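Remarks on the structure that follows.
Please treat every number below as a calculation from the coordinates, not as lab data. Fair warning: this is a prediction, and the values are worked out from it, not measured in the lab. So basically every Cβ, Gly included, is an ideal-geometry build from the backbone, and we count neighbours across all protein chains shown.
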Amino acid sequence: MPDRLLVEVTIAAPADAVWDAIGDPAKIYNWFGWDADGLKDEVEYIFVTHAKRDEAARVLFFEGVNDRFELIDQGGETVLRVVRTVAETDSWDGVYEDMTEGWISFVQQLKLAMEQHDLGPRRTLYLEGSAKPGGQAPMAALGLADLSDTPPGQRLTVTLPTGETVQGQAWHRTPWQFGFTVPQWGNGMLIVTDKSVTETSPDGRGALILTTYGLPGAEFSDLEARWQSWWDDRYGPPREAPCT
């Protein structure tokens with residue numbers, strides 16, 4: 001079966017360091033996922049007990065799925081590719097898929113963590129839900145629709161409805177998500193994902209990943225409360241499917 005490239009990212013770090021960062025659970029905690037009670041168990045399950053490492057080729061295979069990480073040494077930089085083996089007849093054009101978008105978000109978090117934070121500890125929030133009646137998907141609700149095509153690396157300024165004025169840098173863009181750095185979060189990052197509209201989420205749905213570095217406890221708690229309140233006012237669980 002042919003391969004489908006899910007995401008490719010160049011990380012300004014040696015291949016040995018990146019290989020270690022996707023194999024050492026203590027380091028994986030600092031880029032994969034977000035703050036959650038089960039994060040350590042999830043990392044152990046995905047990257048240790050259900051993974052196989054080809055040390056010579058620097059390829060990490062995941063058991064139970066057709067996905068793998070491949071590293072390509074570029075002499076001081078490393079290309080990380082997430083590849084999936086798929087049926088030859090499968091077509092993914094315009095299709096939203098949680099697992100694919102998750103991999104994209106996580107390897108972008110890895111790039112940020114390695115390039116700007118030496119894989120130091122972070123605190124990361126995750127918010128997910130469906131727009132309430134008359135609402136919008138997160139990209140529009142945050143006023144990012146006109147900025148989401150900003151090329152990676154370009155500076156941007158945006159005043160968010162939560163009160164922050166961000167003068168950061170566009171980090172990455174896919175058809176479904178947009179990430180940019182947020183200096184006031186310790187040069188953290190906000191990743192905004194618009195998920196596809198469904199019958200039970202007719203006004204849109206999506207998710208936010210807020211990654212922070214070095215914020216004092218009170219400051220982080222204030223950030224969490226502010227964003228959770230903003231989110232809860234606009235998003236909730238999917239509505240019940242209409243009777244047929």
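Where strands (runs of 3 or more DSSP E) fall entirely within region 129-244, none has at least 2 residues that are in contact (Cβ under 8 Å) with a residue 40 or more places away in the chain and over 17 Å from the mean Cα position of the chain (by Cα). In this entry, Leu110 is excluded by the filter for residues that are part of a loop (DSSP other than H, G, I, E, B) and surrounded by 14 or more Cβ atoms within 10 Å (Cβ to Cβ). If the condition is being in a loop (DSSP other than H, G, I, E, B) and touching a Leu at 6+ places or on another chain (Cβ under 7 Å), then region 36-82 contributes only Arg58. Scanning region 30-54 for residues that are surrounded by fewer than 16 Cβ atoms within 10 Å (Cβ to Cβ) and in contact with a helix residue (DSSP H, G or I) (Cβ under 8 Å, 6 or more places away or on another chain), we see that the one that is farthest from Gly76 (Cα to Cα) is Ala36. Taking the criterion of being more than 22 Å from Phe32 (Cβ to Cβ) and surrounded by 19 or more Cβ atoms within 10 Å (Cβ to Cβ), would at least one residue in region 206-229 satisfy it? No, because not a single residue in region 206-229 is more than 22 Å from Phe32 (Cβ to Cβ) and surrounded by 19 or more Cβ atoms within 10 Å (Cβ to Cβ).
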